[in-house]
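Working notes, structure below.
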Amino acid sequence: MRTVKPKKNLGQHFLTDLNIAKAIADTVDSCPNIPVLEVGPGMGVLTQYLMPKSRELKVVEIDSESVAYLYEKYPELRKNIVGEDFLKMDLNNLFNGRQFVLTGNYPYDISSQIFFKMLDNKDLIPCCTGMIQREVALRIASAPGSKSYGILSVLIQAWYDVEYLFTVDENVFNPPPKVKSAVIRMTRNDVTDLGCDWTLFRRVVKTVFNQRRKMLRVSLKQIFKDVQAHADFFTQEMMTLRPEQLTIKQFVELTNMVGEELGKDI
């Protein structure tokens, strides 16, 4: 059977260490007993360890060569191999609207986009596990006050509990990436209502972290380009802070302050 050649344009780095592959696949065991969706299976190194689990499994792969390989290697999985772009899919159609666990050895260049899509479908995805670039994993798991704390940290931690599970060296991949990898698990927390407008929350978080070295009173002015804020709005005590100093709760408070100033009914 022919193997699949890793494609640089798809960010493919195939995991070759089977022990690590099994360890990654086993991260779904502590997630709810619901179907599993694997993104980017490649040649199925994780898939082979996900298949024996007593769960419905589907895999999504954009690379047609990998899809052909999976068809031949795992014929029993054929009806559950989806040859599409995960980022463009309607996830409600995958398991007839049922919740599922998201997992995979995610391509580095689109991992953030994958997690933004997860957030857009958070009611469908109570648990997400998998391997990503170590730097991104640290960012997602970072606490306030850390240099790694940023947009992904706040947006994901608002809805998910994050666990940094273990680090993976470069030499267990073909081809070896130039950076280390890490395996994480994100599990939906108990939050059902953030306490503010989610769209505005995301806008505020992205705006202030795009100028993370500046105080909020400076960075937030980008939101008020077309709206005149009251004179005392930027003199409030919180406005002297920088974004990495704010907790999730404080970002909710800040979003409500901005919303009130913009005249939004939140």
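The values are calculated or read from the model by the stated rules, or taken from the named source; none is laboratory data. From a predicted model like this one, the values you see are computed outputs, not experimental measurements. Every residue, glycine as well, gets a Cβ built from its backbone with ideal geometry; the counts of neighbours run over all protein chains shown. Calculation scope for accessible area: heavy atoms of the full protein, side chains included, ligands and nucleic acids excluded. Shrake-Rupley method; radii C 1.70, N 1.55, O 1.52, S 1.80 Å.
Modelled spin-label separation between LYS178 and ARG217, with each label point placed 7 Å from Cα along the Cα-to-Cβ direction: 4.1 nm. The convex hull around the C-alpha trace of the chain, projected and averaged over every direction, spans 15.2 square nanometres. Each pair of Cα atoms in the range 211-266 enters the Kirkwood radius, and Stokes-Einstein at 10 °C and 1.306 mPa s then converts it into a translational diffusion coefficient of 137 µm²/s. Per residue, the solvent-accessible area of the chain (1.4 Å probe, heavy atoms of protein chains only, all protein chains present) comes to 50 Å².
Report the Rg/Rh value for the range 1-112, based on alpha-carbon coordinates and the Kirkwood definition of Rh.
0.92
With no solvent and one equal point scatterer placed on each C-alpha of the range 94-182, evaluate the Debye formula and give log10 I(q)/I(0) for q = 0.20 Å⁻¹, two decimals. At q = 0.20 Å⁻¹ the computed log10 ratios are -0.98.
Using 0.36 nm per residue and subtracting the Cα-Cα separation, the extra length available between ASN210 and PHE233 on full extension is 6.2 nm.
Computed over the chain with a Gaussian network model linking Cα atoms closer than 10 Å, the most mobile of GLU38, GLU72, GLU237 is GLU237.
Of the residues PRO52, PRO243, PRO177, the one that moves most in a GNM of the chain with alpha-carbon contacts below 10 Å is PRO52.
With all protein chains present, how much of the accessible area of the chain (probe radius 1.4 Å) comes from carbon and sulfur, to the nearest whole percent? Intermediate values should be presented prior to the final figure.
Working: 6110 of 13170 Å².
The value for the chain is 46 percent carbon and sulfur by accessible area.
3J(HN,Hα) along the range 75-83: x, 5, 9, 3, 5, 10, 9, 10, x Hz, from the Karplus curve 6.51 cos²θ - 1.76 cosθ + 1.60 with θ = phi - 60°, whole Hz, x for Gly and Pro.
Considering only Cα atoms, the convex hull volume of the range 132-266 works out to 119 Å³ per residue. Between the helical axis of 198-209 and the longest alpha-carbon principal axis of the chain there is an angle of about 80 degrees. Computed from the C-alpha gyration tensor, the three semi-axes of the ellipsoid equivalent to the range 90-144 are 22, 12, 9 Å, from longest to shortest. Kirkwood radius and radius of gyration were both taken over the C-alpha atoms of the range 48-157, and their ratio Rg/Rh is 1.00.
When the chain is treated as a Gaussian network with alpha carbon springs shorter than 10 Å, the biggest mean-square fluctuation among THR103, THR192, THR129 belongs to THR192.
On a 0 to 90 degree scale, rounded to 10, what angle separates helix 111-120 from the longest Cα axis of the chain? With both axes taken from Cα atoms, the answer is about 70 degrees. Close amide H pairs (under 5 Å, H built 1.01 Å from N) link VAL168 with SER181, ALA182, VAL183, residues at least 5 positions away or on another chain. Could you tell me what percent of the DSSP beta bridges with both partners in the chain are antiparallel, to the nearest 5? The antiparallel proportion sits near 55 percent.
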